[in-house]
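> I'd like to ask you about the structure that follows.
The values are calculated or read from the model by the stated rules, or taken from the named source; none is laboratory data. Because the structure is a prediction, the values reported are computed rather than measured. Note: ideal-geometry Cβ built from the backbone for every residue, glycine included; neighbour counts use all protein chains shown. Heavy atoms of the whole protein, side chains included, go into the accessibility calculation; ligands, DNA and RNA do not. Shrake-Rupley method; radii C 1.70, N 1.55, O 1.52, S 1.80 Å.
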Amino acid sequence: MLLTRRCLIALLASLFLASCTTAPPQPEPVEPEPLPPVQVSLLAFNDFHGHIQGPSGTVLVEGEAVPAGGGAYLAAHIAAFKAQHPNTVVVAAGDLVGATPLVSSLFDDEPTLEVLGMAGLEISAVGNHEFDKGVDELLRKQQGGCNAVRGCTEGREFTGAPFQYLAANVTYKDTGETILPAIQIREFNGVKIGFIGLTLEGTPDIVAPAGIETVNFANEVKTINELVPRLQEDGIETIVVLIHEGGYPTLPVNDVNDCAGISGPILDIAKNTDKAVDVIITGHTHQAYICELDGKLVTSGQSFGRLITNVSLTIDPVTGDVIERSAKQQPVHHEIEPNAEIVELISTYEELSAPLANRPVGKITADLLRKTDDNGESTMGRLVADAQLAATAGKDHGNAVIALMNPGGIRESLLLASSHTAGKGVVTFSQLYTIQPFGNNLLTVSLTGAQIHQLLEQQWREEDERATMLQVSKGFTYTWNAAKPVGERIDPKTIKLNGKVIKADTEYRVTANKFLADGGDGFTVFKEGEDRLLGVVDLDAFVTYFEKKSPIKPPTDTRIKRIDKK
């Protein structure tokens, strides 16, 4: 009985102790607040072409043409935006340099690179014009140092572009390595964004071959699609492509935020590029558009720094995917205080270039326009071709009877109202330089009449219905018919020199700039020319023509005639 009582007491004691050590009930765990989406902005522009002085043209704002552009104003707009939106990356789609005004090109475009760095540019694709002076010069522009020919700018040290060029599809032939990085990565609030930068595959067709002999240019889509998985392996789901290739909206463009009737290479690129790509920022065509193409936001900001494209991204902080995206064009108007440091820098280069830039070379009596008419001619094109014929017509200078000029080599119009003494028609060296900035020597070759016909047919290509209409010198005429198949648009019987049909088996001396004469812009027939004679620089021929022929009247004679009805 005693044992039983003791056992009972022990049992009760153990139960009491157990009840004292048991933890009280815990509350249900509270779910953490979901992370808010990450907001990131991209400020983009393209085809700046060294227009550091402003204005560099006009843009349409509510149907009105407003003066816009200039490096100091571009910087001011970027700074104002970034003050309100700290998660911002400033990017570009190539052709920042090349075909630039004298104040930049006289110093091998170092002023442009400095200005854009000061303005906040971080990443840019290379464009075809980045290769105008070859791969080695492009690398110098990135890395710094003195120009191999000109040397250093007196009193200034060039340390290289303050931003990073990307060249994903440009590789050395001997190693297969890219000449510059293929990608860049930026991170905001734990979210990473991958940028792929590249130029158009057709760059070798539109730059001088000597400077790019060591490199290959790969297909744009293939290059992008090979890089996307690499970014995804690193956990990057927001992918932006910066590409120097683009499209053509229906003209005239009434809204820079529109995408009406878009055509051109960018359609196939957008269609065939990996679906993981979110945004494609384009260039090359100097057009303005904002499009949704095959699940990608595709934009272009015209040219010369007149527009900034503001791309807004809303990104999931967990998955890294883009939730929402939109874009809007921002005119670089002048109703803002310009960046004072850039104004001072540009003034320094203007003073250094002034003695050459401001030298009067002649006069004009009316506007000389770069824009072509329905036939494919422009008054400026006729004038440039005439100047080149005049420079090479002499027996000791080529004995040329025809001169042909590629339209892409003519960069600007010459307006009476914007002449050096406004309205009085005085033209300066700087203005002529802006029209012909490439410094190509003229080259005269012998071509048969049959080769000339074939050359003219190369103005159209099977893969692209857009024509590259050569500008022709006085005395040379022909007709063309767009209703005919490519390769059969010109009747040989209409190709005439001084009113006489050229003969298929007769040789004629034909002048072009060296870029064109070496097969540039796809005019490969030029390379078949014999008895090649190198002549003066194209700009020198242009300046000499102005000096001898001023005052210059716009050539109005029709040399090219389209005979089909639109």
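> Cβ-Cβ below 8 Å, separation at least six or inter-chain, first residue in segment 541-552 and closer than 14 Å to R359 by Cβ and touching a residue at least 40 places away in the same chain (Cβ under 8 Å), second open to solvent by 10 Å² or more (accessible area, probe 1.4 Å) and not hydrophobic (A, V, I, L, M, F, W, C): which pairs?
Filtered contacts from segment 541-552: F546/G362; E547/G362; S550/G362; S550/K363.
> Still on this structure, I have one more. Check segment 86-106 and report whether any residue there is touching a strand residue (DSSP E or B) at 6+ places or on another chain (Cβ under 7 Å), acidic (D, E) and in contact (Cβ under 8 Å) with a residue 12 or more places away in the chain. It would help to see each step written out before you state the result.
Of segment 86-106, the ones touching a strand residue (DSSP E or B) at 6+ places or on another chain (Cβ under 7 Å) are 87-96.
Among the residues that remain, those that are also acidic (D, E) are: 95.
When the remaining residues are screened for being in contact (Cβ under 8 Å) with a residue 12 or more places away in the chain, the result is 95.
Checking segment 86-106: at least one residue is touching a strand residue (DSSP E or B) at 6+ places or on another chain (Cβ under 7 Å), acidic (D, E) and in contact (Cβ under 8 Å) with a residue 12 or more places away in the chain.
> How about segment 488-504: which of its residues are open to solvent by less than 40 Å² (accessible area, probe 1.4 Å) and not in a strand (DSSP E or B)?
We begin by selecting, within segment 488-504, every residue open to solvent by less than 40 Å² (accessible area, probe 1.4 Å); these are 489-490, 494-495, 497, 502.
R489, I490, T494, I495, I502, listed by residue number.
> Can I ask one more? Only one of these conditions is not met by E507: (1) of a type in the set (D, E); (2) closer than 26 Å to G211 by Cα; (3) surrounded by fewer than 17 Cβ atoms within 10 Å (Cβ to Cβ). Which number is it?
Only one criterion is unmet by E507, namely (2).
> Run A148 past the list (1) within 25 Å of S105 (Cα to Cα); (2) open to solvent by 60 Å² or more (accessible area, probe 1.4 Å); (3) at pLDDT 95 or above and report the number of the one that doesn't hold.
It fails just one condition, (3).
> A follow-up question, please. Check every one of the helices (runs of 4 or more DSSP H) wholly within segment 12-124 and list those with 3 or more residues that are over 30 Å from I185 (Cβ atoms), of a type outside the set (V, I, T) and at pLDDT 90 or above.
Correct list: 102-105.
> For residues that are touching a strand residue (DSSP E or B) at 6+ places or on another chain (Cβ under 9 Å), within 17 Å of G409 (Cβ to Cβ) and either among the acidic types (D, E) or open to solvent by 10 Å² or more (accessible area, probe 1.4 Å) (or both), tally how many sit in segment 516-533.
2
> Sticking with this structure for a sec: Consider G261 carefully, then state whether it is out of contact with any Asp or Glu (no Cβ under 9 Å at 6 or more places or on another chain) and in a strand (DSSP E or B). Explain how you work it out, then say what you get.
Numbers: out of contact with any Asp or Glu (no Cβ under 9 Å at 6 or more places or on another chain): yes; in a strand (DSSP E or B): no.
Criteria not met by G261.
> Also: Test each condition in (1) in contact with a helix residue (DSSP H, G or I) (Cβ under 8 Å, 6 or more places away or on another chain); (2) without any contact (Cβ under 8 Å) to a residue 12 or more places away in the chain; (3) not charged (D, E, K, R) for G176 and report the one that comes out false.
For G176, the failing item is (1).
> State the number of residues belonging to segment 320-351 that are open to solvent by 70 Å² or more (accessible area, probe 1.4 Å), assigned to a loop (DSSP other than H, G, I, E, B) and in contact (Cβ under 8 Å) with a residue 60 or more places away in the chain.
Number satisfying all stated conditions: 1.
> In addition: Of all residues in segment 246-266, how many are open to solvent by less than 20 Å² (accessible area, probe 1.4 Å) and in contact with a helix residue (DSSP H, G or I) (Cβ under 9 Å, 6 or more places away or on another chain)?
Count: 2.
> Could I ask something else about it? Check A467 against each of (1) modelled with pLDDT of 95 or more; (2) closer than 14 Å to G376 by Cβ and name the one condition it does not meet.
(1)
> If a residue must be under 20 Å from H284 (Cα atoms) and outside any helix (DSSP H, G or I), how many such residues does segment 125-162 contain?
Qualifying residue count, segment 125-162: 6.
Results for (1) open to solvent by less than 10 Å² (accessible area, probe 1.4 Å); (2) farther than 17 Å from A210 by Cα, shown as yes or no for each residue.
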residue: L139; (1), (2): no, no
residue: G144; (1), (2): no, yes
residue: E157; (1), (2): no, yes
residue: P162; (1), (2): no, yes
residue: A167; (1), (2): yes, yes
residue: Y172; (1), (2): no, no
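Residue by residue, here is whether (1) at pLDDT below 95; (2) of a type in the set (V, I, T) holds:
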| site | (1), (2) |
| --- | --- |
| L404 | no, no |
| G425 | yes, no |
| T434 | yes, yes |
| L443 | no, no |
| A450 | no, no |
| Q454 | no, no |
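> So, one more: Filter segment 517-532 down to the residues that are hydrophobic (A, V, I, L, M, F, W, C) and either at pLDDT below 95 or assigned to a loop (DSSP other than H, G, I, E, B) (or both) and list them by number. Outline the logic, then answer.
Kept after step one, since they are hydrophobic (A, V, I, L, M, F, W, C), are these residues of segment 517-532: 517, 523, 525-526.
Within segment 517-532, A517, F523 meet the criteria.
> On the given criteria, is T434 assigned to a helix (DSSP H, G or I), under 28 Å from L102 (Cβ atoms) and under 32 Å from the mean Cα position of the chain (by Cα)? Break it down stepwise before answering.
Values: assigned to a helix (DSSP H, G or I): yes; under 28 Å from L102 (Cβ atoms): yes; under 32 Å from the mean Cα position of the chain (by Cα): yes.
Yes, satisfied.
> Taking segment 187-211, which residues are surrounded by fewer than 20 Cβ atoms within 10 Å (Cβ to Cβ), at pLDDT 95 or above and not in a loop (DSSP other than H, G, I, E, B)?
Selection gives E187, F188, K192.
> Given the condition open to solvent by less than 30 Å² (accessible area, probe 1.4 Å) and without any contact (Cβ under 8 Å) to a residue 60 or more places away in the chain, answer yes or no: does some residue in segment 395-411 qualify?
no
> Could you list all residues from segment 58-84 that are open to solvent by 50 Å² or more (accessible area, probe 1.4 Å), closer than 16 Å to E122 by Cα and of a type outside the set (K, R)?
Listed by number, the list holds a single entry, A79.
> So which residues in segment 437-480 are among the β-branched types (V, I, T), outside any strand (DSSP E or B) and within 30 Å of L106 (Cα to Cα)? Steps first, answer last, please.
At the first step, the residues of segment 437-480 found to be among the β-branched types (V, I, T) are 444-445, 448, 452, 468, 472, 477, 479.
Next cut, outside any strand (DSSP E or B) only: 452, 468.
Hit for segment 437-480 is T468, nothing else.
> Within segment 352-392, which residues are in a helix (DSSP H, G or I), surrounded by fewer than 17 Cβ atoms within 10 Å (Cβ to Cβ) and touching a residue at least 60 places away in the same chain (Cβ under 8 Å)? Steps first, answer last, please.
Restricting attention to segment 352-392, the residues satisfying the condition of being in a helix (DSSP H, G or I) are 352-357, 379-392.
Imposing the further condition that a residue be surrounded by fewer than 17 Cβ atoms within 10 Å (Cβ to Cβ) reduces the set to 354-356.
Listed by number, the list holds a single entry, L356.
> If the requirement is being open to solvent by 20 Å² or more (accessible area, probe 1.4 Å), assigned to a loop (DSSP other than H, G, I, E, B) and of a type in the set (S, T, N, Q), which of these qualifies: T558, T544?
Just a single option satisfies the conditions, and that option is T558.
> Which of (1) within 24 Å of the chain's Cα centre (by Cα); (2) small (G, A, S); (3) surrounded by fewer than 21 Cβ atoms within 10 Å (Cβ to Cβ) does G283 not meet, given it meets every other one?
Unmet condition: (3).
> Something else about it: Can you work out which of the residues in segment 286-318 that are in contact with a helix residue (DSSP H, G or I) (Cβ under 8 Å, 6 or more places away or on another chain), open to solvent by 10 Å² or more (accessible area, probe 1.4 Å) and of a type outside the set (D, E) is nearest to H77 (Cα to Cα)?
Filtering first and then ranking leaves N310.
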